[in-house]
Every structure is written in C-alpha cells, then in structure tokens.
1. Quick one: A175 ticks every box in (1) touching a strand residue (DSSP E or B) at 6+ places or on another chain (Cβ under 8 Å); (2) surrounded by 13 or more Cβ atoms within 10 Å (Cβ to Cβ); (3) modelled with pLDDT of 85 or more except a single one, so which number is it?
2. Could you give every pair whose Cβ atoms fall below 9 Å, whose first residue belongs to the range 143-171 and is under 20 Å from P115 (Cα atoms) and basic (K, R), and whose second residue is open to solvent by 50 Å² or more (accessible area, probe 1.4 Å) and at pLDDT below 90, counting only separations of at least 6 or pairs across chains?
3. Considering only residues that are open to solvent by 50 Å² or more (accessible area, probe 1.4 Å) and part of a loop (DSSP other than H, G, I, E, B), which ones fall in the range 271-282?
4. Applying the selection to the range 355-371, what residues are assigned to a loop (DSSP other than H, G, I, E, B) and either more than 39 Å from the chain's Cα centre (by Cα) or charged (D, E, K, R) (or both)?
5. Suppose we filter the range 303-354 for residues that are assigned to a helix (DSSP H, G or I) and either of a type in the set (F, W, Y) or buried (at least 18 other Cβ atoms within 10 Å of the Cβ) (or both); how many remain?
6. So for the range 169-188 (the condition being within 26 Å of G16 (Cα to Cα), of a type in the set (K, R) and under 33 Å from the mean Cα position of the chain (by Cα)), does at least one residue qualify?
7. Taking the residues in the range 358-371 that are in contact with a helix residue (DSSP H, G or I) (Cβ under 9 Å, 6 or more places away or on another chain) and modelled with pLDDT of 90 or more as candidates, determine which candidate is most open to solvent (accessible area, probe 1.4 Å).
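The values are calculated or read from the model by the stated rules, or taken from the named source; none is laboratory data. Predicted model, so just to flag it, every value in this text is computed and none were measured. Positions of Cβ are generated from backbone atoms using ideal geometry, with glycine treated the same way; all protein chains shown enter the neighbour counts. What goes into the accessible areas is simple: the full protein's heavy atoms, side chains included, and nothing from ligands, DNA or RNA. Shrake-Rupley method; radii C 1.70, N 1.55, O 1.52, S 1.80 Å.
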Amino acid sequence: MSSTGGESVALLSRYGRRFAATVRIVILGLVAVIGVARTTGEYVVPTVALVGAWSAVYVWWLLHRTGLWATAVDVAVMVLVSLSIFWTDAAADNNVGWIRLLVSFTCLAYQCYTPLVYGMVATAVAAGTLLAVVMINDPASDVVNAAIWVLAIAALSRTAWTLVMRGARTADRLALAAERIRKAQRVAAAVRADEREMVNALHDTAATTLLMVANGQVQACDAWLMPRARRDLDMLHAYGEPVPAEADLVQLLRAEAEAVTQLRVRFAAPQRLPVPYRTGRAIADAAREAMNNVVRHAAAQQLQVRLTGDSQRLRVDVVDDGCGFTPERVPATRRGLRDCVRGRLAAVGGAARVDSRPGVGTTVSLEWHSE
C-alpha cells in the first residue's frame, strides 16, 4: 500500500501492521483463557496451542516483513479453527465464543494492512467458513447472528481505514505540492542570487573601470588602464566556472591590492590563511569594491589593507587617509556599499562595518567567523 503513496501513507501502513499484530496478541490471550477455561473436549487445548504457535510467527512477520503470504496462511488457520468445531464438540459444549472472537478481530485487523480486494476475499473465506460451520451445527443459535456480524464489522473497519488512508494520500499530495513550490522558490532564489552576484561583478570591475574613464579619473593613455581592463575581462570570463573547495585569502587580497596602482598601498597579512573558496572570494570581492571606492571618491594618498585572525575568525580592514564621508547620507540607490560590500559579506555569514566622517578618512571592516 505504501508503494503508491508518500511518507504519510507509508507511516500509516506501518501503523496498520503494528495494529494488526497488537490485536492478535491481545485477543489471542483473551480467547486462550476463554477456550481453555470452558473446554470439556480433549482437542480444544491442542487447538488453542496450535493457534498460539502460529500467531507468534504471524505477529513476527507483521512487524518485520512485508508481503501477503503469511496472511494467506493465517486465513487457512482461521478456516481450520472454525472447522475444529466439528471434532472438538465446541458447539455442543457452548464453547464457540473464543473462536468467534478470534475470527472477528482477525478479519477486522486484515482491513488495516491488506489491499481492498485481498482483504475482502480473506474476510469472506475466514468469516464465511465460521458462519457455514455454525449454521450446520445449530442454525437456530444466536451465534449465527454473531457470525454474520463479523462480516459487518469487517466492512465498517475497511470503510474507516479507506477514509483514513485517503486522508493520508491527500496529505502526501499536499506535502509534495508544497515541496515542489519550495524547490521552485529555492531555484528562483538561487537564480536571483546568481544574477545579483553577476551584477555586482560587473559593477566593481568593467563598469567601474569604464566609469572612471568617462569621468576623466583615468586617461585613455594611462598605463594602468589596459592591464585593469584585461583583468576585468578575465574575471568576468571566469565567472561561473568550477572553483576549488578552498582558497588562500592572503593571495586573493594581495592580488586585489596590487591591482590598485593609483595609490600607495600598504598590505599587512599573515603568510597564508586558508578559507572556503566561496567565503574567500566574497571577502576579496568586497575588499576590491572598498578599494575602488577609495580610488574613485576618497582623494586619498595612501591605502592600507590589513588581514588579521585565522581560519575560524578573521577581519579585513581597508583604511584610507582620504576626505571621508557620512555613511548615513549615502543614498539607498547606491549599490556599492549596500550590495557589493555588505551584501557579499552577509551572503557568507559575515558582516561589514563602515567608519568614516568628513576630513578623517574611512575604514571599512569586513568580519567573518565560521559557524
């Protein structure tokens, strides 16, 4: 049954088998007491013992195996128990109650783990045999009505279980639809993040270089322009290619600092600091944008790039001696600090802080620690 459903159906199917096993254990104990206590025939005790031995196997199978072969054997056992009325004189001794209880609850339990047709056939054979035997022995007995009720109880049990299973399938369909929506949202979020990163890469590489040329900050004949333009194109060309698992943050930051040729740059860092590549690339890119801002806006004479910490907790400071500014007055539409610095650090679990005021320069601090 669980093969056609999801998690709820599978869970309910396991519960149905456990319920059937519990019913057999509880009812078997009750009927054994009734059958043995009221027996006068010599074959009743062996019959109860035989049913008990098989029931132990049947319960183990319900709890540890799948399939339906044991149910077929159990139906055969119920048929034999009903037929035992003939040779144990149970009807004459008015000791049919334990058999009726055993067959009734067994047929009820069938409905909780078997397919519809299989459960109906199993119930018809087991309960039908009991009804036929009782009618042959004493058609006027009240036990006949009780045997007929076995079929009614099984039908009610099947109806209730079908409704519960239908609800489980509905829950699985809703869960599957919700998971598809969540997956689509994750894909859309990943696409948006990828687009943002591509825009950020354009912003602080080619777009910045072209803007500096357009504003006259760099002359077309400047020796700095050609290497910078080639580097921008190389970085954009490499965007989206497979990357290693780890990167040396010192090497990444040093490459960005050496690309700034308009200012004196003091670089201070340990010999090597390995970090996850995505983290290292985000920090280096954010630091590059901070350096670009110094070149474009600060009118600084000197730039310092300092890396401190270790692979678990680190900090990068980009410090200039330029004109400074008031961070609170930067328009929300300016994406440099918002997306290319703070956004990149936030994407890898870090944070960026900008300390500046007019006339005293600016310090951009990039902090990150592993979880």
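1. The single condition A175 does not satisfy is (1).
2. That search, which allows pairs on different chains as well, returns R169/T4.
3. Q271, R272
4. If we filter the range 355-371 for residues that are assigned to a loop (DSSP other than H, G, I, E, B), which is where we start, we get 357-361, 370-371.
If the condition is that a residue be assigned to a loop (DSSP other than H, G, I, E, B) and either more than 39 Å from the chain's Cα centre (by Cα) or charged (D, E, K, R) (or both), then R357, P358, G359, V360, G361, E371 are the ones that fit.
5. Step one: list which residues in the range 303-354 are assigned to a helix (DSSP H, G or I), which gives 327-329, 335-347.
Retained after the next criterion (residues that are either of a type in the set (F, W, Y) or buried (at least 18 other Cβ atoms within 10 Å of the Cβ) (or both)): 336-337, 339-345.
Summing the residues that are assigned to a helix (DSSP H, G or I) and either of a type in the set (F, W, Y) or buried (at least 18 other Cβ atoms within 10 Å of the Cβ) (or both) in the range 303-354 gives 9.
6. Within the range 169-188 (the criterion being within 26 Å of G16 (Cα to Cα), of a type in the set (K, R) and under 33 Å from the mean Cα position of the chain (by Cα)), the answer is yes, since at least one residue qualifies.
7. Taking the range 358-371 first, the residues in contact with a helix residue (DSSP H, G or I) (Cβ under 9 Å, 6 or more places away or on another chain) are 361-362, 364, 366-368, 370.
Narrowing the set further to residues that are modelled with pLDDT of 90 or more leaves 361-362, 364, 366-368.
On the way: G361: 4, T362: 12, V364: 11, L366: 2, E367: 69, W368: 19 Å².
Per the stated criteria, the residue is E367.
Okay, residues lined up against (1) closer than 17 Å to V23 by Cβ; (2) hydroxyl-bearing (S, T, Y); (3) at pLDDT below 80; (4) part of a helix (DSSP H, G or I):
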site	(1), (2), (3), (4)
V36	no, no, yes, yes
E42	no, no, yes, no
A56	yes, no, no, yes
L63	yes, no, no, yes
A70	yes, no, no, yes
V75	yes, no, no, yes
